[in-house]
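Novice: Let me give you the structure first, and then I'll get to my questions.
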Amino acid sequence: MTERKRIVIGTRGSKLALWQAEWVKSQLLGLYPDLVVELEKIKTTGDKILDVPLAKVGGKGLFVKEIEEALVRGEVDLAVHSMKDVPTGFPENLHLAVICRREDPRDALITQERQEGTAIRSFKELPQRATVGTSSLRRSCQLLSLRPDLRIAQLRGNLDTRLRKLDEGQFDVIILAAAGVKRLGWASRITEILDPSISLPAIGQGAVGIECRRDDRFINGLLAPLDHPETTICVTAERAFLARLEGGCQVPIAAHARLEGAKIVMNGLVGSVTGDRIIRGTISGPREEAAGLGVKLAEEVLARGAGDILREVYGTMLPPVDGEAAS
């Protein structure tokens with residue numbers, strides 16, 4: 001193995017992406033103090049498309065494609081991704097080397113910041129026809145299934161922009177991934193962590209993955225200590241569920257796996273865009289069978305009509321182009 005003293009991490013330029021890349025850099029420097037680690041910011045298609053709902057863009061890979069192309073060309077040595085942005089298939093010679101320890105995988109409800117305190121303290125207290133900001137069909141379909149009266153409004157931009165729009169009164173509440181809010185130091189803004197029975201998380205939500213070239217033995221060896229086995233098992237099950245459904249994370253598909261002793265337990269769902277139909281399922285089994293259990297749960301929901309819902313979603317919402325969803 002030829003040792004290298006300098007490596008380059010490919011990353012998006014958003015604050016959250018940079019936080020994740022800097023965290024991976026700090027972990028590597030903690031293990032290898034003599035290593036020189038540089039960040040290369042790469043603008044992805046998803047970063048450029050800000051005026052169109054992501055579900056209208058469609059496909060898989062919106063937030064990783066350009067970074068993967070830099071990996072293939074050898075311009076960067078590894079790529080740091082939010083796992084919920086990573087398609088289940090990889091270009092030839094690229095693979096997911098490790099999945100790091102997961103943060104809170106759940107969704108967070110955030111209300112307007114007011115000096116006298118907010119009147120809304122939980123999802124249950126949302127007034128009739130409240131305006132909810134979210135860019136996720138997964139979130140909106142689940143919320144509408146519980147509260148058809150809610151008005152869903154598109155929410156794009158970085159965390160600062162989203163919070164500003166909320167506080168300006170454009171929304172009554174917004175829904176974000178709790179992990180990103182916590183990582184960027186805004187945990188105090190979270191009004192309520194939503195129970196998965198209200199909003200089942202996205203596949204891989206809260207986990208950071210590192211992609212690299214399969215044949216780069218040096219980089220693969222360097223990254224190996226960053227893998228978190230328990231997170232890897234859970235995310236593997238969730239991604240197997242998604243892969244069998246042939247979905248991207250801008251489609252109303254959700255899954256969350258957790259370990260209970262020697263067992264893995266996973267909940268999954270497929271929903272219509274309007275939330276009038278949601279097919280849920282639960283499965284458990286040995287943690288060693290994580291991928292197989294994910295496929296089995298997908299087969300179960302397909303047998304109960306999820307395929308019809310997905311065909312409708314793909315036919316009416318998603319044109320046949322490459323891309324994927326954001327936070």
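What follows is calculated from the coordinates using simple rules that are stated; it is not laboratory data. Values in this document were obtained by computation on a predicted structure and should not be read as measured data. All Cβ positions, glycine included, derive from the backbone under ideal geometry; neighbour counts span all protein chains shown.
Novice: On a full-extension model of 0.36 nm per residue, what is the gain between Gln170 and Arg304, subtracting their alpha-carbon distance, rounded to one decimal in nm?
Specialist: This chain segment gains 44.4 nm when fully extended.
Novice: Also, I was wondering about something else. With point charges of +1 on the Cβ of Lys and Arg and -1 on the Cβ of Asp and Glu, referenced to the Cα centre of the stretch 257-315, which listed residue (Leu310, Val295, Ile283) lies farthest in the positive direction of the dipole?
Specialist: Ile283
Novice: Sticking with this one: Using 0.36 nm per residue of separation minus the Cα-Cα distance, give me the extension gain between Glu246 and Leu18 in nm, one decimal.
Specialist: Extra length from Glu246 to Leu18 when fully extended: 79.2 nm.
Novice: Tell me the mean residue ellipticity at 222 nm calculated for the chain from its helices only (DSSP H runs of n ≥ 4, each -39500 (n - 2.57), averaged over every residue, nearest 500).
Specialist: Calculated from helices alone, the mean residue ellipticity at 222 nm is -9500 deg cm²/dmol.
Novice: Where does the longest stretch of the chain lie that holds no trypsin sites (Lys or Arg not before Pro) found in a DSSP loop with 16 or fewer other Cβ atoms within 10 Å?
Specialist: With a cap of 16 other Cβ atoms within 10 Å, the longest stretch comes to 215-327.
Novice: A further question follows. Which residues' amide hydrogens lie under 5 Å from the amide hydrogen of Leu94, considering only partners 5 or more residues apart or on another chain, with H built in the peptide plane?
Specialist: For Leu94, whose amide H was placed from the backbone, the distant partners under 5 Å are Arg214.
Novice: Please compute the Kirkwood hydrodynamic radius over the stretch 107-193, one decimal place, Å, based on all pairs of different Cα atoms.
Specialist: 12.9
Novice: For the stretch 229-236, just list the computed ³J(HN,Hα) in residue order, Karplus coefficients 6.51, -1.76 and 1.60, θ = phi - 60°, integers in Hz, with x standing in for Gly and Pro.
Specialist: The phi angles translate into x, 5, 5, 4, 4, 5, 5, 4 Hz.
Novice: Assuming 0.36 nm per residue, please report the length gained on full extension of the stretch Glu260 to Arg280 beyond their Cα-Cα distance.
Specialist: Extending this stretch completely gives an extra 5.2 nm.
Novice: Given R₀ = 35 Å, FRET efficiency for Ala153-Lys41 by Cβ-Cβ distance, to 0.05?
Specialist: That pair, Ala153 with Lys41, gives E of 0.75.
Novice: Further question: For the stretch 290-304 and the stretch 92-107, what is the separation of their C-alpha centers, rounded to whole Å?
Specialist: Result: 21 Å between the Cα centres.
Novice: Hey, with R₀ at 56 Å, roughly what FRET efficiency would Lys5 and Arg311 work out to, going by the Cβ-Cβ distance, to 0.05?
Specialist: 0.60
Novice: If amide hydrogens are placed 1.01 Å from N in the peptide plane, which non-local residues have theirs closer than 5 Å to the one on Ile264?
Specialist: So Ile264 has HN proximity to Gly285, Arg287.
Novice: I'd like the GluC sites (Glu not before Pro) in the stretch 106-199 restricted to DSSP loop residues with at most 14 other Cβ atoms within 10 Å, sorted by number.
Specialist: Here the sparse-neighbourhood loop sites are Glu113, Glu116, Glu168.
Novice: Two decimals, Cα atoms only, Kirkwood Rh: what is Rg/Rh over the chain?
Specialist: 0.96
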